[in-house]
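One structure below.
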Amino acid sequence: MASRQLRARIQPPQPLRRYGIGLKIENATPDEQRMTSPIVEWAISERPIAYPDALAVMQERAGAIADGRAHELIWLLEHPPLYTAGTSAKRSDLIEPDLLPVFETGRGGQYTYHGPGQRIAYVMLNLKQRGGDVRGLVSSLERWIAVALEAFNVKGETRPGRVGIWVRRPEMGEGAEDKIAALGLRVTRGVTTHGISLNVDPDLSHYRGIVACGIQEHGVTSLTDLGLPVTLADADVALRRAFEQVFGPVQPAASPRLGSLDTARG
């Protein structure tokens, strides 16, 4: 009897909202949501990870997800200072090519910076089981970041034609706004890789070597730059709560094993 009652409570005609990685049931209890959501693992690496090593982990995990051998994964980490070039990157936007290492990557987008103090969240989700809506997923990832920023009383906004999350800077002039979080994805065999990056307390001077995301008329900022003494641990708590609000529950997992490659090389 109990199981029949539960099924009756979570099936339509309850309103459903599609968030890119599946269906989130309004008014469902946490237990009911877990029963209807796929397992999404949540892992955090405490030390910087070299970019090639992270890329190898993503590719291997995405293949395992596509084959049905692994759960989906959100992986939080940092990189040592570096630039990555997306598939739309223009060589002219690499202003100082010798400032930091540059890695070509298969994600969408242009040049971006990664480094200590920036929280990266690599997103490995099975789009084939989530309706295949890439644009819907991008919108959901942007919403995830915006909800996380609300924990620090920061209003993150989206802009047509400018992927990512932006904050208004009225103290810097009329219409001024800076980018606080970037987003770029790749989909292979129906599984996503790459993901988001949120500027918590990075060295913003490193952005001088590129035209970030190909946008010259606006700058970049961070939570610390906005006058907020936020740590990566604080950001991690906010990101997890926001992810569960937007997408559904996660399951804590160990950081991916890299063996001797567990820290950044060099």
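What order do you get for 167-177, 64-74 when each peptide is scored by the mean count of other beta carbon atoms within 10 Å, highest first?
Highest mean packing first, the order is 64-74, 167-177.
Taking the mean number of other Cβ atoms within 10 Å as a proxy for protection, how do you rank 241-248, 106-113 from highest to lowest?
106-113, 241-248
Would the range 90-174 count as rounded, prolate or oblate if I go by the C-alpha gyration tensor, calling it rounded below 1.5 in a/c and otherwise prolate when a/b exceeds b/c, oblate otherwise?
Verdict is oblate for the range 90-174.
Apply the Karplus curve 6.51 cos²θ - 1.76 cosθ + 1.60, θ = phi - 60°, to the phi angles in the range 60-70 and return the couplings in whole Hz, x for Gly and Pro.
Working through the residues one at a time gives 5, 5, 4, x, 5, 5, 4, 7, x, 9, 8 Hz.
Could you report the accessible area of residue 197 in Å², rounded to 10, computed with a 1.4 Å probe on the protein chains as they sit in the structure?
Surface open to solvent at residue 197 totals about 10 Å².
Using a Förster distance of 25 Å, how high is the FRET efficiency between residue 71 and residue 237, based on the Cβ-Cβ distance and rounded to 0.05?
After rounding to 0.05, the efficiency reads 0.70.
For residue 55, what accessible area in Å² do you get when you roll a 1.4 Å probe over the heavy atoms of the protein chains, rounding to the nearest 10?
Roll a 1.4 Å probe over it and residue 55 shows about 40 Å².
Modelled label-to-label distance, residue 228 and residue 211, 7 Å Cα→beta-carbon offset: nm?
3.0 nm
Estimate the FRET efficiency between residue 47 and residue 91 by the formula 1/(1 + (r/R0)^6), using the beta-carbon distance for r and 35 Å for R0, to the nearest 0.05.
Efficiency computed from Cβ-Cβ geometry: 0.60.
The values are calculated or read from the model by the stated rules, or taken from the named source; none is laboratory data. Small disclaimer: the values here were computed from a predicted structure and weren't measured. As a convention, Cβ positions derive from the backbone with ideal geometry for all residues, glycine included, and neighbour counts pool all protein chains shown. Accessible surface is based on the protein model in full, side chains and every heavy atom, while ligands, DNA and RNA are left aside. Shrake-Rupley method; radii C 1.70, N 1.55, O 1.52, S 1.80 Å.
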